Amino acid sequence: MPVDPATNVDWSMGSQAARLADWTMALDVGRRIAGPGPRVPPVDRARVREDLAGLVTRAEGLVTDHTDLEVSGFRSRAWVMGRGDWIRQNLVGLQRLLEPLAERVVATRPDRPVGRKALAVQAGGILGYVSRRVLGQYDVFLPADDEGLIYFVGPNLIDTERRYGLSPRDFRLWVAIHEVTHRVQFSAAPWLRGRLSSLVDEYLSTVSFSSGELAAQLARAVDELRRGEADVRGPGGILLLLTPEQREVFERTQAMMALLEGHASYVMNEVAKDHVHDLGRLKRALAARRSVQGVEKKVQRAIGFDQKVAQYDAGERFVREVIARAGQESFNLVWASPDHLPTGPEIAEPARWVARIPG
């Protein structure tokens with residue numbers, strides 16, 4: 001497949017994942033759902049790019065000083081983009097992640113059509129909605145040459161600053177600290193990237209294309225509901241449709257993401273105490289922005305967006321309590337080995353992790 005002139009992307013990437021979905025259609029759907037965002041004059045766009053270029057460098061120094069962790073390789077740097085650019089980059093990443101599944105699809109059913117347009121609508125729809133909410137992102141699965149690149153969705157930053165009357169300089173630094181913390185995590189613990197990738201691959205390896213197995217999963221879910229053994233709130237609804245093997249992978253992934261998001265939130269708020277003005281106002285604005293009602297709240301539940309917020313809260317409590325009990329040096333043992341990652345029960349009860357990991 002040549003470079004798509006409409007998107008300037010070679011969706012084929014020499015892979016089988018191009019056969020899973022109509023990626024050009026996914027980008028089109030995502031862009032239409034995302035909308036253009038607020039109008040931003042060219043001078044303001046230039047100012048955002050200039051601000052974040054300097055603020056990301058400053059944030060990296062603040063984060064490494066606070067956490068006692070080091071960054072190797074390329075320096076952290078900002079890419080300020082529009083919603084459409086963010087969707088495109090995440091579709092490229094999604095295609096890369098789905099490659100193992102795509103190879104199985106092609107091998108097991110080479111002559112049977114794949115619902116490329118249906119998957120395109122789903123992927124584009126989800127990313128289109130999320131692109132309206134996301135402020136920044138550290139892309140874990142970028143190629144090595146792009147290590148250290150951090151995305152910022154300029155229209156969303158500016159819209160939030162305008163809506164809540166925030167100081168652009170303080171708000172942008174606050175957001176930059178959070179995203180740079182993720183970069184520091186993966187630099188200090190290089191094995192994290194492989195661990196996360198292996199969890200995704202492990203989950204994808206359990207996906208079945210057998211209608212009989214899917215029917216069995218549905219029957220088991222109905223039975224669990226009937227016996228009152230399942231909680232359909234939050235991730236419970238997702239777990240109903242997972243096999244026992246898939247549930248175990250899902251729960252390990254949730255615990256890991258809670259650690260990563262919670263640690264970034266903890267560092268973001270602790271560092272900001274000395275370097276960001278009116279932190280209380282920024283927190284209230286972010287909480288108000290996350291608070292949605294009606295149809296949008298149902299959309300967030302359907303795509304699991306509300307669980308990301310829950311991960312921030314549960315993970316931050318874990319990090320805060322471990323550091324209070326054992327200190328920063330002992331907490332940093334979490335980055336030393338995959339065996340030191342907290343389990344789901346340990347995220348809920350940090351004292352169990354402190355007791356398990358020798359400080």
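For this structure, a couple of remarks:
- Region 15-81-region 136-155 distance, computed between alpha-carbon centres (Å): 5 Å
- For region 68-139, the orientation-averaged shadow of the C-alpha convex hull comes to 7.3 nm² (one quarter of the hull surface).
- The residues of region 59-173 present an accessible area of 44 Å² per residue when probed at 1.4 Å with all protein chains retained.
- Cα gyration tensor category, rounded, prolate or oblate, for region 48-103 with a/c compared to 1.5: oblate
The values are calculated or read from the model by the stated rules, or taken from the named source; none is laboratory data. Given the structure is predicted, the values throughout are model-derived calculations rather than measurements. Keep in mind that these areas ignore ligands, DNA and RNA; they rest on the heavy atoms of the full protein, side chains included. Shrake-Rupley method; radii C 1.70, N 1.55, O 1.52, S 1.80 Å.
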